[in-house]
Amino acid sequence: MRESRPILLTGGRVVDPSRDLDRHADVLIADGVIKDIAQGLGVAGLPDGTERIDCAGQIVIPGLVDMRAFIGEPGAEHRETLASASQAAAAGGVTTVICQPDTDPVIDDPAIVDFVKRRARDTAIVNIHPMAALTRGLLGREMTEIGLLASAGAVAFTDAAHSIASAQVLRRAFTYGRDFDALIVHHTEDATLTGEGVMNEGELASRLGLAGVPKAAETIVLERDVRLAAITRGRYHAASLTCAESLAVLRRAKEEGLAVTASASINHLALNERDVVGYRTFFKVAPPLRAEEDREALLAAVADGLIDVVVSDHNPQDVEVKRLPFSEAAFGAIGLETMLATGLRLVDGGALDLMTLVRAMSTRPAEILGLDAGTLKPGAAADIAVIAPDEAWILDAATLKSRCRNTPFDEARFQGRVVRTLVAGRTVYEYV
Amino acid sequence: MTSNPTAPFSLSRRHLLGIEGLSAEEITGLLDLAEEFVTLNRQVEKKRATLRGRTQINLFFEASTRTQSSFELAGKRLGADVMNMSISTSSVKKGETLIDTAATLNAMHPDMIIVRHSASGAVELLARKVDCAVVNAGDGAHEHPTQALLDALTIRRNKGRIEGLTVAICGDILHSRVARSNILLLHTMGARVRVIGPSTLLPRDIERFGVEVYRDMREGLANADIVMMLRLQRERMSGSFVPSVKEYFHYWGLDAAKLRHARPDALVMHPGPMNRGVEIDSAVADGPQSLIREQVEMGVAVRMAVLDALSRNLPNA
């Protein structure tokens, strides 16, 4: 990496959930790390050649850590590459992306972890860490080499969009994974109950004539997983919760003191099942968008910290698999570039405060994954997003940097945008 | 260290079904007796007439080469008539129950039956249905008392004592009768026992056995006097209990680097048969700290001691 000049971000409002810090201060960055945060740093002696960037009226936050994004490399480079995903992430204020193992080949071997890390280092402009598969080939039968994969750099273990049906397989993986302090991330969805379902089960699905996915498909698996976490004391993270019933299960698990955490996707916080009316396939995601009551319950759970993490669940799909009848279209929406802006809109609407949003999108995922990220403490890596909170804008999907355009937010209005992103003290994105 | 010849040692029981219930005195008595047979076995004339006229049946429901031949040799050297019965699964499928088999054999008036069975508790069940002495040669994941005794004899001959030693038992504790019998014996004799293995291969609540539990070999081996490796069955290494042979050997296989964490004079044991490159590296298995061959020799002597001691309680003795 080439030498970068020291940078001073001046006059911005600094919001750092890792220290509950929210005040105006200057941020001095050198050698890729945060050197100091204080008021009036600009008048003191600065290192030679320091670049001053005026952040007056802007908000400086730790860069986002997106815990769940599908990137098509290796095997589906037409959907997304590590390079294109990193461009999208940088434009969205995301400085660390955790990519999913459901690639081709599956990331279930230390050599593939090594490949992804090298490729990311050589082609990506943000940090990218892979999760490895929990079972070989994502088949839900034999656990992967959790120890060797972790030492190769896998930050967690998951079967991505697959839910593991066998409680015995999952129990052994929890038990074995505990010896390596492995985090197991699980998509909680009973495949037999989900069946051919394509949207939330209920009146709306019945009117649209679409097969529904019951909320119980999620809650049943979560209940089981929590019991397994209790007997194994393994570290467990529910990948994407969507409904009020699951939140009750999660709350009980946390009250029991289990090492259980959970994410919700930004889509489930911002959208609901009514958005699919008109058979709009860009709103077809897995698990499906739920009822408005569920969305409100989920938002409240993020607000009170019950839901630890908000993810993009970035899932690029090209038009060929989306411009199909609803039941035949692929699941998934992109989100790296819009997750923060979507979150800011929720803040603007009063549903969340900014500190909570940044904690859920940056500090908590970094803590759960054990990464040097999600904080602006002096000495931490200078991974930073700068936000212009007053900027109102309308998204034009054509301008997105992702290789795919399947955003549910095309032509949506936003309040607040990312104007600058730094990774290790270097500007990787600047809005001009 | 041999027993007083004027008061011949005997066990105050008809069967040897496990280490559980044996006192330190009984264990010491058996080991002392076995020492005599170690000497005998190294002579040209290895035979005694102690069991002359007695009939010993080796009833093995589970295939075993080394344990069965060890018991066969032990019986023959003491002068017994030995019959080997290997009951394959196919003849079990003919429908005869374990109790029927026991009754049939009992009618032939054997003096000793040596039994191995894949089900825990099966040997004890059989023992209740026969009039002769029964020796457990391994029942399921429960006990394998003669293995623990031969391990104890091997340790005592090399370290001069068992009390106060730190013994690390490593690997597949969950499925191991060898581990259970050894934990019981070593505790009775005053050793400190550690178990080391991945959590998937440790039995639930194993710490309540009074052992120290380690998941990391280097930590668990620190200052160990004895390192006991256990065999890991092939079918358990491909993703069910551990992900792969490669990963198992990397973290739990005993190689020279891991062995260096034990005491410099630590000794290495393995009940056999070994999976080289899985739970143990060849360089260690065949190295100067290995007692693995000596364990086999001690096996015959210990089994002679057990047969001898039990025979003293037989009717007409």
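With A:Q100, A:Q87 as the choices, which residue is in the same structural domain as A:S151 (by TED's automatic domain parsing) and either farther than 26 Å from A:G370 by Cβ or more than 13 Å from the chain's Cα centre (by Cα) (or both)?
A:Q87
Pull up the stretch A:13-27, narrow it to residues that are among the charged types (D, E, K, R) and crowded, with 18+ Cβ neighbours inside 10 Å, then point me to the one that is farthest from the chain's Cα centre (by Cα).
A:D26
Name the residue, out of B:E124, B:E96, that is open to solvent by 70 Å² or more (accessible area, probe 1.4 Å), over 22 Å from B:M274 (Cβ atoms) and either at pLDDT 95 or above or in a helix (DSSP H, G or I) (or both).
Among B:E124, B:E96, only B:E124 is open to solvent by 70 Å² or more (accessible area, probe 1.4 Å), over 22 Å from B:M274 (Cβ atoms) and either at pLDDT 95 or above or in a helix (DSSP H, G or I) (or both).
Tell me yes or no: at least one residue of the stretch A:392-415 is under 20 Å from A:L21 (Cβ atoms) and within 17 Å of the chain's Cα centre (by Cα). Steps first, please.
Just the residues of the stretch A:392-415 that are under 20 Å from A:L21 (Cβ atoms), to begin with: none.
So far as the stretch A:392-415 goes, no, none of its residues is under 20 Å from A:L21 (Cβ atoms) and within 17 Å of the chain's Cα centre (by Cα).
Please name all residue pairs, on different chains or six or more residues apart, with Cβ atoms under 6 Å, provided the first residue is in the stretch A:165-188 and is within 13 Å of chain B (Cβ to nearest Cβ) and among the hydrophobic types (A, V, I, L, M, F, W, C) and the second residue is part of a loop (DSSP other than H, G, I, E, B) and buried (at least 23 other Cβ atoms within 10 Å of the Cβ).
The qualifying pairs are A:L170/A:I164; A:A173/A:L134; A:F174/A:G234.
Find the residue count for the stretch B:212-227, including only residues that are open to solvent by 10 Å² or more (accessible area, probe 1.4 Å), more than 14 Å from chain A (Cβ to nearest Cβ) and either closer than 13 Å to B:I169 by Cα or small (G, A, S) (or both).
Matching residues across the stretch B:212-227 total 3.
Only one of B:G239, B:G277, B:G287, B:G299 is at pLDDT below 95, open to solvent by less than 50 Å² (accessible area, probe 1.4 Å) and more than 14 Å from every other protein chain (Cβ to nearest Cβ). Can you tell me which?
Selected residue: B:G277, the only one of B:G239, B:G277, B:G287, B:G299 that is at pLDDT below 95, open to solvent by less than 50 Å² (accessible area, probe 1.4 Å) and more than 14 Å from every other protein chain (Cβ to nearest Cβ).
Please work out which residue is most open to solvent (accessible area, probe 1.4 Å), limiting yourself to the stretch A:205-224 and to residues that are touching a Gly at 6+ places or on another chain (Cβ under 9 Å) and either within 14 Å of chain B (Cβ to nearest Cβ) or within 22 Å of A:L324 (Cβ to Cβ) (or both).
Checking each candidate, the answer is A:S206.
Among the listed residues A:A165, A:A152, A:A132, A:A120, which satisfies the condition of being open to solvent by 10 Å² or more (accessible area, probe 1.4 Å) and touching a Pro at 6+ places or on another chain (Cβ under 9 Å)?
Going through A:A165, A:A152, A:A132, A:A120 in turn, the sole match is A:A152.
Considering only the stretch B:268-317, state which residues are assigned to a loop (DSSP other than H, G, I, E, B), charged (D, E, K, R) and farther than 30 Å from B:W252 by Cα.
Within the stretch B:268-317, B:R312 is the sole residue that qualifies.
For the stretch A:267-276, indicate whether the set of residues that are over 13 Å from A:P408 (Cβ atoms) and either in contact with a strand residue (DSSP E or B) (Cβ under 8 Å, 6 or more places away or on another chain) or hydroxyl-bearing (S, T, Y) (or both) is non-empty.
no
Closer than 16 Å to B:R312 by Cα and among the hydroxyl-bearing types (S, T, Y): is that true of B:T67 in this structure? Give the steps one after another, and end with the answer.
On the way: closer than 16 Å to B:R312 by Cα: no; among the hydroxyl-bearing types (S, T, Y): yes.
When the stated conditions are applied, B:T67 does not pass them.
Looking at this structure, is A:T407 touching a strand residue (DSSP E or B) at 6+ places or on another chain (Cβ under 8 Å), outside any strand (DSSP E or B) and touching a residue at least 60 places away in the same chain (Cβ under 8 Å)?
yes
Quick test of your reading of the structure: B:R218 fulfils all but one of (1) part of a loop (DSSP other than H, G, I, E, B); (2) modelled with pLDDT of 95 or more. Name the failing condition by number.
Result: B:R218 passes all but (1).
Please state which one of A:D396, A:D383 is open to solvent by 60 Å² or more (accessible area, probe 1.4 Å) and either of a type in the set (D, E, K, R) or touching a Leu at 6+ places or on another chain (Cβ under 9 Å) (or both).
A:D396
Quick check on A:A303: is it in the same structural domain as A:S163 (by TED's automatic domain parsing) and surrounded by fewer than 18 Cβ atoms within 10 Å (Cβ to Cβ)?
yes
Considering only residues that are of a type in the set (D, E, K, R), assigned to a loop (DSSP other than H, G, I, E, B) and out of contact with any helix residue (DSSP H, G or I) (no Cβ under 7 Å at 6 or more places or on another chain), which ones fall in the stretch A:359-400?
Passing the criteria: A:D372, A:D383, A:D396.
Tell me the residue from A:V113, A:V126, A:V94, A:V106 that is closer than 24 Å to A:H24 by Cα and not assigned by TED's automatic domain parsing to the domain that holds A:R426, please.
The match here is A:V94.
Criterion first (away from chain B (no Cβ under 14 Å), more than 17 Å from the chain's Cα centre (by Cα) and not in a helix (DSSP H, G or I)) does A:H162 satisfy it?
Yes; evaluated as a whole, the condition is true for this residue.
Name the one entry in A:E273, A:E328 that is more than 17 Å from the chain's Cα centre (by Cα), closer than 18 Å to A:M199 by Cα and free of Cβ contacts under 8 Å to residues at least 12 places away in the same chain.
Within the list A:E273, A:E328, the selection yields A:E328.
For A:R227, are the conditions met, namely being open to solvent by 50 Å² or more (accessible area, probe 1.4 Å), away from chain B (no Cβ under 14 Å) and farther than 20 Å from A:D108 by Cα? Walk me through it before giving the result.
Values: open to solvent by 50 Å² or more (accessible area, probe 1.4 Å): yes; away from chain B (no Cβ under 14 Å): yes; farther than 20 Å from A:D108 by Cα: yes.
Spelling it out, A:R227 is indeed open to solvent by 50 Å² or more (accessible area, probe 1.4 Å), away from chain B (no Cβ under 14 Å) and farther than 20 Å from A:D108 by Cα.
The values are calculated or read from the model by the stated rules, or taken from the named source; none is laboratory data. What you see is a predicted model, and the numbers here were worked out from it, not measured in a lab. We place every Cβ from the backbone using ideal geometry, glycine too, and count neighbours over all the protein chains shown. When the accessible area is computed, the model is the full protein with side chains, heavy atoms only, and any ligands, DNA or RNA have been set aside. Shrake-Rupley method; radii C 1.70, N 1.55, O 1.52, S 1.80 Å.
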